[in-house]
Amino acid sequence: MNMVWPILIVISANVFYNIIAKSTPNAVQPFASLTVTYLTAAIVSFILFLLASEDKNITNEIQKANWTSVAFGLAIVALEFGYIYVYRVGWKISIGSLVANISLACVLLVIGVIIFKEGISARQIFGMVMCIGGLLLISK
């Protein structure tokens, strides 16, 4: 169960994430919407920090952060901006996320092998070929 609950959170959050991205009004400038998003996220993160941390000194914890926190923030803004526009340019919710996530899985498989020296099996290669085949089928 230790390996299942985080995946369930990711799946659930992604379902809501895509519904929200698709539902973001076209009239709102995306970065204004993302500003509200991140103000909300900052407040919720701070409250959760206070609830989850024994040492309530956020300054001490922030000092432990490195470049990854800033890079993560940049990546998240790009991700959310991209998803808002995936739907604004006309992708269906049933296809846009599927294409993005299958493509992501294939790219991460290659990155895992090349950068992180993870092993790759014939089954993984076959799965990637099947994913690429699926992308070709749904994109026609």
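No lab work stands behind these numbers, since they all come straight from the coordinates. This structure is a prediction, so every number in the text was calculated from the model and none was measured. Virtual Cβ from ideal backbone geometry, glycine too; neighbours counted across all protein chains shown.
Counting only residues that are in contact (Cβ under 8 Å) with a residue 24 or more places away in the chain and under 16 Å from Leu79 (Cβ atoms), how many does the range 6-37 have?
So the first thing to find is which residues in the range 6-37 are in contact (Cβ under 8 Å) with a residue 24 or more places away in the chain, and the list is 14, 17-19, 21-22, 24, 26, 30-31, 33-34, 37.
Cutting the leftovers down to under 16 Å from Leu79 (Cβ atoms) gives us 14, 17-19, 21-22, 24, 30-31, 33-34, 37.
Summing the residues that are in contact (Cβ under 8 Å) with a residue 24 or more places away in the chain and under 16 Å from Leu79 (Cβ atoms) in the range 6-37 gives 12.
Within the range 56-71, one or more residues are closer than 24 Å to Ile20 by Cβ and out of contact with any Lys or Arg (no Cβ under 8 Å at 6 or more places or on another chain). The combined condition, being over 30 Å from Thr24 (Cα atoms) and surrounded by 11 or more Cβ atoms within 10 Å (Cβ to Cβ), is not fulfilled by Val77. Can you spot a residue in the range 117-139 that is of a type outside the set (Phe, Trp, Tyr), out of contact with any strand residue (DSSP E or B) (no Cβ under 9 Å at 6 or more places or on another chain), touching a residue at least 12 places away in the same chain (Cβ under 8 Å) and exposed (fewer than 11 other Cβ atoms within 10 Å of the Cβ)? Scanning the range 117-139 turns up at least one residue that is of a type outside the set (Phe, Trp, Tyr), out of contact with any strand residue (DSSP E or B) (no Cβ under 9 Å at 6 or more places or on another chain), touching a residue at least 12 places away in the same chain (Cβ under 8 Å) and exposed (fewer than 11 other Cβ atoms within 10 Å of the Cβ).
Taking the criterion of being outside any helix (DSSP H, G or I), of a type in the set (A, V, I, L, M, F, W, C) and surrounded by 10 or more Cβ atoms within 10 Å (Cβ to Cβ), the residues of the range 23-74 that qualify are Val28, Ala65.
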